[in-house]
Protein chains: 2
Amino acid sequence: MHEGFEIPRSHPRYESLVARERLVEMFEKGVVVPQGLIAHGRGECFDYLLGEKSHDFALEAGRATAAYLLLSRRPVISVNGNYAALAAGEIARLSEVLGGRAMVEVNIFYRTEERVRRIHEVLESAGVRGLLPPDCEKTRVPGLESPRGIVCAEGIASADFVLVAIEDGDRTEALVRWGKRVAAIDLNPFSRTAQKASVTIVDEAVRATRNIAGFVEELSGASEDRLRSIVEGYNNREILSRAFRAILDRLSSAAESGILT
Amino acid sequence: MHEGFEIPRSHPRYESLVARERLVEMFEKGVVVPQGLIAHGRGECFDYLLGEKSHDFALEAGRATAAYLLLSRRPVISVNGNYAALAAGEIARLSEVLGGRAMVEVNIFYRTEERVRRIHEVLESAGVRGLLPPDCEKTRVPGLESPRGIVCAEGIASADFVLVAIEDGDRTEALVRWGKRVAAIDLNPFSRTAQKASVTIVDEAVRATRNIAGFVEELSGASEDRLRSIVEGYNNREILSRAFRAILDRLSSAAESGILT
C-alpha cells in the first residue's frame, strides 16, 4: 500500500482497488514490470464487461482444471509477476489442497534472474508448496527465443499439464505445440492465450484460483473415472462461446436501459 | 518522449501511442501515479472497443457540456494527474475559449501537496487560464474521507457545475450528492463515474476536450434560451445506451466477420 494512502473498505470497488494497490506495490519492488501495469488495466476492462464476477463458464473451466491437476502425472503451475503479485495467497492455498502434488515454477516473459528471485520470494513468503528453486536446471521451450523460452527441466519441461495465468499468447501457443495440456486464466476471451489453451478460465486471477482450489478440495476424494468423465465432458470451444455471449448479453441489456442496475 | 524511441507519424495508432508515451513521461516526473498507468490501460481497452474515434453520442454530450460551461454561474474544470498528462494543451485551449470564465482546479485521488504542485506546473506551462493556486483555501467534500475529499473553497466547493475526467466513481458520486451538476469524460460506460454523472462523454480525454472547446466556440454567441434548450433536450440515459450499443455493434460485427472494419 502506498505510504499515507489507504483505500476505505466502504469503497464500492474495494477489491478491485486493493488488487491495483497490490500490483503497484509489487511494481515498486521490481516484481511487476511496467508492461504488467498496462496489461492489468486491460484485464480490468474485460472484468467490467463481465460484471466483475465468476460466471458459470468460468466455474466449469475451473472444475475441469481441478480434475486435470488431480489426474496429471506431472502438473505444474506457472507463475509470472502479475500472477504472483495478485494471487500469491491463493496460489499457496491451491498448492496446499493439492498436497504438494503440483510443482510451482516462476516463468516470466521479461526475464531477468533477479526478477525470478523476487517473484520466488513472494511465493515462498506466501507459503507456496512445491516451489522450484530459481537455480533449477534449465532447458528451453522449442520455438521460443531466449530468454522468453527458459524453463526448469524438472518443471514445465517435464510437465504433462501446465496452469498459466495472464500469460503471453506466444508462450501459451509454444507450450501447446510442445504437447503440454494447458489451462489458462485470462479475462480476455479474445486473447491468443484464451484461444489456444485446452481449458480457458475467463475470470479474474484471484477469484479463479480460489475457485480452482475449492474444486480440488471437492474432487480430491473422487475416483479416477469420475475425474476422467469431467475432463472428457469438457468442451473449451463451447466455454469460450458462452464467455463471448455473456459479454454481448451484458452489453445488450446495458444498451437497452443505459443505466446499470 | 522516451530517449531513443520515436513513434512514426504513419503508425495507424500514432495518437494512442503518443498518449501512452506522454503518460509514461509524466509518470517519471511524478505527475502520474502507477495506478494511473493501470487506469490508462483500461481506457485503451475501451477505446479499442469504441474504434478509437469520437462517436455521435460523445459529440452530443460534449455539446451539452459546452452549453453548461457557458450557462453555469461557477463552472470548474477538475484536473487530475492523468488528465493533465494527456490533455494539458487541450485544457488550456478550453480555458482560453471560455475566456477564463471557468476555474481550473487540481484535484486528485492519491493526494500529496507535492504532486498537486507538479500538476499545477504542467497546467501553468501549457497556458491554462483560471488556474486555482495549490495553496488555495481548503475545505472538504461531504462524505469523502481525507485526503481524497480536499477541495478549494473558491473552486469545486462553490461550483454549480464541475467537469471531471478519468475520475474515481466514489468522488464523482460525492460531488453529485453535494448538489453539483457533473459532466464526466470517461471511456468506460460501465464505470460508476459514467453512470453517476449528469453528462457522460464516452470518449478519450484529448479528443473529448478538443471537441468541447470547439462547441464552446460555436455556442459562445448563442442566446441563453438556445443554451437552455440544448441542456433541456439532453438525455444522459439515452447517450449511455448509445455508447453501449456502439460497443455491442462493433463486437457483433467482429464476431460475424472476424475482421474489424
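The values are calculated or read from the model by the stated rules, or taken from the named source; none is laboratory data. Remember, it's a predicted structure, so these values are computed and weren't measured experimentally. Cβ: placed from backbone, ideal geometry, glycine included. Neighbour counts: every protein chain shown. All accessible areas refer to the heavy atoms of the entire protein, side chains included, with ligands and DNA or RNA removed. Shrake-Rupley method; radii C 1.70, N 1.55, O 1.52, S 1.80 Å.
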When the range B:71-84 is checked residue by residue, the ones that are buried (at least 22 other Cβ atoms within 10 Å of the Cβ), part of a helix (DSSP H, G or I) and away from chain A (no Cβ under 14 Å) are B:Tyr83, B:Ala84
Residue satisfying condition, being at pLDDT below 95 and either farther than 23 Å from B:Tyr83 by Cβ or crowded, with 17+ Cβ neighbours inside 10 Å (or both), within set B:Ile259, B:Ile212, B:Ile239: B:Ile259
Those residues of the range B:27-49 that are crowded, with 21+ Cβ neighbours inside 10 Å and either more than 10 Å from chain A (Cβ to nearest Cβ) or in contact with a strand residue (DSSP E or B) (Cβ under 7 Å, 6 or more places away or on another chain) (or both) come to a total of 2
Looking at the range A:108-127, is at least one residue without any contact (Cβ under 8 Å) to a residue 60 or more places away in the chain and on the phi > 0 side of the Ramachandran plot? yes
Output the residue which, of all residues in the range A:154-170 that are modelled with pLDDT of 95 or more and over 14 Å from the mean Cα position of the chain (by Cα), is surrounded by the most Cβ atoms within 10 Å (Cβ to Cβ). A:Ala159
Sole miss for A:Ala58 among (1) facing another protein chain (nearest Cβ under 10 Å); (2) under 30 Å from A:Ser198 (Cα atoms); (3) open to solvent by less than 10 Å² (accessible area, probe 1.4 Å) is condition (1)
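Could you please let me know if A:Glu6 is surrounded by fewer than 22 Cβ atoms within 10 Å (Cβ to Cβ), more than 7 Å from chain B (Cβ to nearest Cβ) and in a helix (DSSP H, G or I)?
On the way: surrounded by fewer than 22 Cβ atoms within 10 Å (Cβ to Cβ): yes; more than 7 Å from chain B (Cβ to nearest Cβ): yes; in a helix (DSSP H, G or I): no.
The answer is no for A:Glu6.
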Got at least one residue in the range B:132-141 being within 17 Å of the chain's Cα centre (by Cα) and either in a helix (DSSP H, G or I) or closer than 28 Å to B:Ile230 by Cβ (or both)? no
Residues of the range A:182-196 being open to solvent by 10 Å² or more (accessible area, probe 1.4 Å), among the hydrophobic types (A, V, I, L, M, F, W, C) and within 14 Å of the chain's Cα centre (by Cα), in sequence order, are A:Leu187
